[in-house]
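Here is the structure we will look at, set down as structure tokens.
The values are calculated or read from the model by the stated rules, or taken from the named source; none is laboratory data. Values in this document were obtained by computation on a predicted structure and should not be read as measured data. Cβ sites come from the backbone with ideal geometry, for glycine too, and all protein chains shown count toward neighbours.
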Amino acid sequence: GAGVSQSPRYKVAKRGQDVALRCDPISGHVSLFWYQQALGQGPEFLTYFQNEAQLDKSGLPSDRFFAERPEGSVSTLKIQRTQQEDSAVYLCASSVGLAGFNEQFFGPGTRLTVL
Amino acid sequence: RKEVEQDPGPFNVPEGATVAFNCTYSNSASQSFFWYRQDCRKEPKLLMSVYSSGNEDGRFTAQLNRASQYISLLIRDSKLSDSATYLCVVIYSSASKIIFGSGTRLSIRP
């Protein structure tokens, strides 16, 4: 069956440009997570959705970061006015249960490079 | 001090050896614990959950020590295919508070 998919897989942006990263979770998965992973580090939690409700956005590093999941399935992470420090792999994960207590299935990530 | 800490390694061990590494956490309110495996340039994948009583899955054994606030992963009879980064995950009582460690790199040599 289909797993979690993300697009684009690679994105190069000029500093100051806005970007939008898409995540298609596994069908029927209630929970959706976004993480940021820098080279040599573990994933850092950004935000969590339960269906369409964004229950936790405490990990978003600044107000330039915005995420939505309007219909409780596909999610978009938007970064406005990108900065070099935003360069990282952005991972999306989904889970059948609530919060993080169940196995999370990760997508392949979007590698963002800001020049 | 980081909330979840792992020895970054790399651990370089011969095939067939037994290797173990720990992950310490600072918040005693932690509720759930997992080990994920991440291959180079790939996404993390669940290796195993960690239960209070300890659990085993084939060559892998995970244990939780709440008193000392650490979890451990033991790999027996290591295979070349075990080479990867192992990430511990700690979830706090607020449910959506999910903390990944920075990972321990393991390299198995022939």
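All told, A:Phe101 falls short of being without any contact (Cβ under 8 Å) to a residue 60 or more places away in the chain, in contact with a Phe, Trp or Tyr (Cβ under 8 Å, 6 or more places away or on another chain) and closer than 18 Å to B:Lys45 by Cα. Taken over the range A:62-97, residues that are touching a Ser or Thr at 6+ places or on another chain (Cβ under 6 Å) and at pLDDT below 95 amount to 1. None of B:Tyr92, B:Tyr70, B:Tyr25 is more than 13 Å from the chain's Cα centre (by Cα) and hydroxyl-bearing (Ser, Thr, Tyr) except B:Tyr92. Scanning the range B:27-66 for residues that are exposed (fewer than 14 other Cβ atoms within 10 Å of the Cβ) and of a type in the set (Val, Ile, Thr) yields nothing.
The residue of the range A:16-52 that is farthest from the other protein chains (Cβ to nearest Cβ), among those that are in contact (Cβ under 8 Å) with a residue 12 or more places away in the chain, touching a Ser or Thr at 6+ places or on another chain (Cβ under 6 Å) and not in a strand (DSSP E or B), is A:Gln17.
Those residues that are charged (D, E, K, R) and crowded, with 19+ Cβ neighbours inside 10 Å, I need them from the range A:45-72; list them, please.
A:Asp56, A:Arg69, listed by residue number.
Candidates are the residues of the range A:68-91 that are within 14 Å of another protein chain (Cβ to nearest Cβ) and out of contact with any Phe, Trp or Tyr (no Cβ under 6 Å at 6 or more places or on another chain); the one that is farthest from B:Trp35 (Cα to Cα) is A:Ala88. Scanning the range B:54-110 for residues that are in contact (Cβ under 8 Å) with a residue 60 or more places away in the chain and away from every other protein chain (no Cβ under 14 Å) yields B:Asp77, B:Ser78, B:Lys79, B:Leu80, B:Leu106, B:Ser107, B:Ile108, B:Arg109, B:Pro110.
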